Amino acid sequence: MSRRGRLIVATRNAHKLTELAEILSDWDLVPLPDEVVLPPEDGETFAENALGKARAARDATGADAIADDSGIAAVALGGRPGVRSARFAGEDASDEQNLALLLESVGPGDDRRVAYVCAMAFAGAEGTELVEEGRCEGTLADQPRGSGGFGYDPAFVPADLGPDDGRTMAEIDPAQKHAISHRGRAARALAEALAARSAD
C-alpha cells in the first residue's frame, strides 16, 4: 500500500492506466472493476466528462476514485476535435484512424498549432470533489513518428522541448513525456490538491 492511499481509476484504457501509475507513483492505483458501467462522454467540457466518470466509479465502489478526460485541440479546426478526440473518426475508431483524420483535416498550409488538454477529477468516498486541468502546447507533425505513447502522440511535437528539437511525444522517453504532458500536469496538480486537503 502506498503512503498516500488507494484510488480507483475510472478508465478502460490500459495505456492511460499505465501512464497514470507512472505519474502518480505515490498512490496505490486500482483498475476499474469490470462490472462498473461508466457514463457516456457526452459532456461539453473535459471537466464534465472526467467528473462524471469519477463519480460513477465512486458510487459503484464506495471508494475514492479519479478519472480523466483529455484530447487534442487544433487551432486550424477551431479547437476540434476537443472532447470528441477519442471518437473523431467515429464511435469505434482506432487511435490510428483518429490520427489519420486529424492529419488529413489540417492541411500543409494550415496553422499547425495544437494543444493537448486534460481534466483530472477526484470523487471522494465522503463526497469531496476536485478537478484540475493541464495543458501542453505544440505543433502537428506532417507524418506520424515514433513508437511510444498512444493516441495522437506520434504527430504531437511539444513546444516544451524547444524550437530545434522536433521530436514527437511518441519519440521521447516516458519520464520526459510525463514531465511536460497535459496528463502529467493535471495529475500532479490533483495530487497536490489532495495532499493539501489531507494536511488541513
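A few remarks follow.
- Yes/no for Arg135 being outside any loop (DSSP other than H, G, I, E, B), under 25 Å from Pro81 (Cβ atoms), touching a Gly at 6+ places or on another chain (Cβ under 7 Å) and not polar (S, T, N, Q): no
- Cβ-Cβ under 7 Å pairs, at least 6 apart or on other chains, the range 178-200 side within 15 Å of Glu133 (Cα to Cα), far side among the hydroxyl-bearing types (Ser, Thr, Tyr): Ser181/Tyr116; His182/Ser70; His182/Tyr116; Arg183/Ser70
- Only listed residue being more than 19 Å from Arg4 (Cβ to Cβ), outside any helix (DSSP H, G or I), over 13 Å from the mean Cα position of the chain (by Cα) and of a type outside the set (Phe, Trp, Tyr), chosen from Asp165, Asp160: Asp165
- Of residues in the range 121-132 being of a type in the set (A, V, I, L, M) and in a strand (DSSP E or B), the one nearest to Ile8 (Cα to Cα): Ala123
- Search result, residues across the range 117-143 that are over 23 Å from Ala65 (Cβ atoms) and of a type outside the set (Val, Ile, Thr): Arg135, Cys136, Glu137, Gly138, Leu140, Ala141, Asp142, Gln143
- Unique residue being farther than 27 Å from Gly162 by Cβ and among the acidic types (Asp, Glu) when the list is Asp110, Asp59: Asp59
Quick note: the coordinates plus some simple rules give every number you see, no bench work behind them. What you are looking at is a predicted structure, and each value in this text was computed from that prediction instead of being measured. Cβ coordinates were reconstructed from backbone atoms using ideal geometry, including for glycine residues, and neighbour counts include every protein chain displayed.
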